[in-house]
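Here's the structure we're looking at; comments come further down.
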Amino acid sequence: MAAMPDGPLLRCENLRRSFGDRPAVDGISFSINPGEIYGLLGPNGAGKTTTIKMVCGLLEPDGGEVTVEGRHVSTDLSVKGLIGYVPQDIALYPDLTARENLSFIARLYKLSSDVVRERVAEVLELCELSDRANDRVDSFSGGMRRRLNIGAGLLHHPQLLVLDEPTVGVDPQSRHSILERVQEFGRTGMAVLYTTHYMEEAERICNRVGIIDHGRLIAEGTRRELVERLGERDRIELSATGNLEAFAAACRALPGVDSVATTAGAVQVVASDGRRILPQLLEASEPIDVTVNAIDVTEPDLEAVFLHLTGTALRD
């Protein structure tokens, strides 16, 4: 693979787009680095699809700009060759085989015949569909169609992959397979823009998240950064036996601990970074007549952040 460029691969700066007198996107700015999976989350109608279409050059912005590798998507048509777009709707011909679909799409990228054969075989293997290469797509399950739909966006080896709700309507096993593939894309240096209605997917695979509402980017950062902005804390429950009051007092003395309470058979700790402080909590139990039998760490999640910022659940 070629060396990764310095700085962000994708830059969106002050993007604006209205439909009539209704602003759909109102001054959105964000960037994605090579090897980064960036999740764009928002309620229905928040402006995600409009943003994606401007990123891919399918919709002209009213203002602002999109650049990939420093080149303007709206004025340099060759930039589109760096982007792989996987729409939410299945963009395949149901009466063609998997191989025929991929071969046709590969030729649209003006790849040579030898490269087409190589890339089609590569994508079929990646999608775990080599054994179904000559079967019509209308005989495939929903999960198989989704995997092939993603594969079609990879034929030209894009540097930026844009995935719009890629797991809608698939079974848990297929969803797991798709998420593993997306994580692998990031590890190989590809930049990924990912939208989803499943908060657990963003928690699992996204390095950073942007939350969009009413056409504006209202928050951005890692899960931890977003949670800390709201002052949320981790909750640690240590099931234990022995002198729990003395153990609780030792825990309160540790830096980073906000509060400590005892219940029947457990000490409950609230802290800013539970996983970091956990070893210190266990060390605090050693000089005291306490045996820790079980540990449960509950970290605040993106769902709580999203609900707080937008006033609605992600799937509303």
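No lab work stands behind these numbers, since they all come straight from the coordinates. None of the values given here were measured: they were computed from a predicted structure. Cβ atoms come from the backbone with ideal geometry, glycine included; neighbour counts cover every protein chain shown.
Observations on the model:
- Prolate/oblate/rounded call for the chain, Cα gyration tensor, a/c under 1.5 rounded: prolate
- A Förster distance of 51 Å, applied to the separation of the beta-carbon atoms of TYR198 and THR75, puts the FRET efficiency at 0.90.
- THR263-GLU225 FRET efficiency (beta carbon distance; Förster radius 45 Å; 0.05 resolution): 0.90
- Label point distance in nm, SER29-ILE218, each placed 7 Å from Cα along Cα→Cβ: 2.0 nm
- Centre-to-centre, using Cα atoms only, the range 35-90 and the range 237-309 are separated by 44 Å.
- Full-extension gain in nm, THR241 to THR97, via 0.36 nm per residue minus C-alpha separation: 45.5 nm
- Treating each Cα of the range 191-274 as one equal point scatterer and applying the Debye formula with no solvent, the log10 of I(q)/I(0) at q = 0.12, 0.22, 0.24 Å⁻¹ comes out as -0.54, -0.99, -1.10.
- Summary value for the chain: 20 percent relative contact order, contacts being C-alpha pairs under 8 angstrom separated by 6+ residues.
- For the range 1-125, the Rg and Dmax computed from alpha carbons only, in angstrom: 16.8, 50
- Helix 142-152 vs. the chain, principal-axis angle (Cα, 0 to 90°, nearest 10): 70 degrees
- Angle of helix 274-285 to the longest C-alpha principal axis of the chain, folded into 0 to 90 degrees and rounded to 10: 20°.
- Computed over the range 233-299, the percent of Cα pairs more than 16 Å apart is 33.
- For ARG187 and SER113, a Förster radius of 25 Å and the Cβ-Cβ distance give a FRET efficiency of 0.20, rounded to the nearest 0.05.
- ALA253 paired with GLU60, simple spin-label distance in nm, labels 7 Å along Cα-to-beta-carbon: 7.1 nm
- Likely footprinting exposure, MET190, MET54, MET144, fewest C-beta neighbours within 10 Å first: MET144, MET190, MET54
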